[in-house]
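The structure under discussion appears below in the form of structure tokens.
Computed from the coordinates by the stated procedures, all read-outs in this text should not be read as laboratory data. Not measured: the values here are computed from a predicted model. Counting neighbours? That spans all protein chains shown, and the Cβs are built from the backbone with ideal geometry, glycine included.
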Amino acid sequence: MIILTGASGGIGREILPFLLDIDQVIGIYNKTKPQISSDEHLTYEQLNLESPSDIKIFIDKWKNKISKVTLIHFAALKIDSLAANCSESDWDRIMGVNLKGNFLLTQALLSKMIQERWGRIIHISSRGAVDGDTGTIAYSASKMGLIGMSNVLAKEYARFNITSNILILGHFEVGLYNQLNEGMQKKLLQQVPSKTLGKSIDIFNAIEFLIKSQYVNGASINIDGGI
Ligand SMILES: NC(=O)c1ccc[n+]([C@@H]2O[C@H](COP(=O)([O-])OP(=O)(O)OC[C@H]3O[C@@H](n4cnc5c(N)ncnc54)[C@H](OP(=O)(O)O)[C@@H]3O)[C@@H](O)[C@H]2O)c1
């Protein structure tokens, strides 16, 4: 069973059909209700990752129906502002989705993974966040925090056949990149040695590799066209 957060986002929507070829999928969205699909392998669930009680309700509903869980954390909140202007509430919301929500959902699924001696956890970070792009103070901090979180999970649960890895994404054709103005898009594209934007299939290929690979654990994989 694959649990995909951010299933309604730009990248999540494109990756979903590929994931359905390898397993059943629970696609998690928050505000953007996806078009209902008739695929018997796909279930959508609404879940606000800022809400610990939503996470608990989700886990209580599914814990006895899921097995061999791969958890892929695509959900993210990005609100841009210079550090001097970042409001406390924006900081808390970004951390609430990107870090705390990720942690609580992962933690809630760990006992199932330990019990089954199998689990795959895949976090998503960002090249721009690692490099410290201006205007992304809370987003960058949260995405760097995920690298630490992923590495700790890898060490703590390797003995249970559970892996935790993180994909560090460059600039992609869909999703957050499209929310930037044209000037910023041009500037970011200039950074890419291949001078092209990434495609979601490149991310799916890495996910499939991580699901199949027991001995790849605690890795950070750059998918960024060579930045
Ligand atoms: N696109 C890129 O070029 C790029 C580059 C680097 C890294 N990334 C990373 O790739 C991942 C996907 O990015 P994207 O471009 O597809 O982003 P996106 O289009 O903005 O999608 C964000 C997703 O996060 C979900 N989300 C936001 N707040 C939530 C909450 N409170 N609870 C549950 N879900 C919530 C959204 O759900 P709703 O719409 O339903 O609210 C949506 O599905 C992110 O982790 C991002 O940091 C993307």
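Packing-wise, with mean Cβ within 10 Å as the measure, how do 168-176, 204-212 rank, highest first?
Ranked by mean Cβ neighbours within 10 Å, highest first: 168-176, 204-212.
Can you tell me the orientation of helix 200-212 relative to the chain, as the angle in degrees between its alpha-carbon axis and the longest Cα principal axis, to the nearest 10?
Computed tilt is about 40 degrees.
For segment 2-223, what size does the Cα cloud have along each of its three principal axes, sorted from largest down, in whole Å?
Here the Cα extents, ordered largest to smallest, are 48, 38, 37 Å.
For Lys186, list the lysines whose Cα falls under 30 Å from its own Cα; do not include residues on the same chain fewer than 8 positions away.
Of all the lysines, those that pass the test against Lys186 - Cα under 30 Å, at least 8 places apart if same chain - are Lys31, Lys78, Lys143, Lys195, Lys199.
Amide H neighbours of Ile227 under 5 Å, at least 5 residues apart or on other chains, H built in the peptide plane: list them.
HN-HN under 5 Å from Ile227: empty list.
Would you mind working out the magnitude of the charge dipole of the chain relative to its Cα centre, with +1 at each Lys and Arg C-beta and -1 at each Asp and Glu C-beta, to the nearest 20 Debye?
440
How far is helix 52-62 tilted off the main Cα axis of the chain, in degrees rounded to 10, range 0 to 90?
40
Please order Met113, Met184 by the number of other Cβ within 10 Å, starting at the fewest. Intermediate results must be reported in sequence, preceding the final value.
Values: Met113 22, Met184 14.
Going from least to most buried by this count: Met184, Met113.
Looking at Cys86, Phe58, Ile114, which one has the Cα that reaches farthest to the positive end of the dipole of segment 57-125 (charges on Cβ: Lys, Arg +1; Asp, Glu -1)?
Checking the options against the dipole of segment 57-125, the answer is Ile114.
Given Cβ point charges of +1 (Lys, Arg) and -1 (Asp, Glu) and nothing else, what value in debye, to the nearest 20, does the dipole of segment 1-80 about its Cα centre take?
Using only the charged Cβ atoms, the result is roughly 220 debye.
Measure of size requested: the Rg and Dmax of segment 92-185, with Cα atoms as the atom set and Å as the unit; please supply both.
Cα only, segment 92-185: 15.1, 50 Å (Rg, Dmax).
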